[in-house]
Amino acid sequence: MSWEIKLTADFSVNKHIIYLNKHFLLAMMDYQTSSNEEYTYEKFLETIAHEISHCIIYDLYSESKGHNGKHKVIAEELKNYLLTDKIMSNAEGKTEQKNITSATVSKIIQNYNQKCLVSIQKENSRQHSENFLTHLQQMLAKTNHNLKEIKVIYFTSTPSGQTGIRVALAFLATLQILNPEVKLYHINTLLLQARAENCISLLTIDSRGNKYHVAVFQNKKCLLETQIISQEELEKILRKFPDFSCKKDCQNIDFLTNFQELKGDFVRLNKIEEINY
């Protein structure tokens with residue numbers, strides 16, 4: 001549904017509302033219905049891409065109906081972007097990223113009465129956002145639990161705005177709407193990587209290794225706030241903190257061990273909107 005809103009006599013904007021079938025939410029919450037096979041996560045993203053392409057065409061071309069060539073092309077590009085991070089991979093060309101970055105690690109930990117029931121740590125080079133719900137569903141099935149039983153979620157992020165964090169936050173926001181009692185706890189990925197050490201913590205932004213998210217910690221105290229730096233700036237930081245270890249791209253990191261050590265440092269969130277991404 002789309003319509004025009006006049007802000008002034010000479011200026012207006014278009015407002016769009018997308019309605020989704022309730023079976024998408026039911027499937028995500030593990031409710032068993034006869035329609036579950038038709039409302040998969042991939043079909044959900046395909047539907048989102050399809051409807052958003054209508055909004056884009058309405059805004060750019062003032063066309064409100066039909067499934068013409070423009071719509072098909074835009075919908076396909078959006079779907080590929082959501083499923084495989086196509087925009088990011090195209091920007092990097094065919095360069096193969098061999099390092100493990102925060103975006104390539106899918107980590108889920110499920111606890112019951114302080115006991116870890118199952119832990120998954122995956123290198124998902126380009127499909128972290130697509131595989132997140134798959135891994136979660138596998139863990140729930142393995143432990144004989146369901147999504148409705150989740151009471152507390154711990155997660156990490158860095159300011160990036162990439163597909164991985166957007167998908168994660170969309171999932172958390174939806175879960176919080178469906179179950180307002182669920183508690184969310186958050187920590188900076190850079191701190192989780194550093195643990196309680198004197199550490200320069202890095203996450204590579206591009207496969208060429210020219211830019212990084214960086215923060216410096218001393219026994220969990222932040223000495224240098226999270227920021228984006230170049231290779232030249234990194235060299236200056238290394239000289240400034242010569243006795244600090246340098247951890248990069250979650251290499252050789254046991255996320256379960258780090259999580260257990262820093263669990264008390266996660267911050268309770270009231271709303272997902274509190275996250276800066």
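Computed from the coordinates by the stated procedures, all read-outs in this text should not be read as laboratory data. Keep in mind that what you see is a predicted model, and the values were worked out from it rather than measured. Glycine also receives a Cβ, built like all others from the backbone with ideal geometry; neighbour counts cover every protein chain displayed.
Numerical summary
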read-out	value
Inter-label distance for N252 and L147, nm, one decimal - labels placed 7 Å from Cα along Cα-to-Cβ	3.9 nm
Net lengthening on full extension, K221/E76 (0.36 nm per residue, minus Cα-Cα)	47.6 nm
Highest average packing first - 188-197, 45-54, Cβ atoms within 10 Å	188-197, 45-54
Modelled FRET efficiency - R0 25 Å, N21 with V267, Cβ distances, 0.05 increments	0.10
Sites K43 and E233, calculated FRET efficiency, Cβ-Cβ separation with R0 30 Å, nearest 0.05	0.10
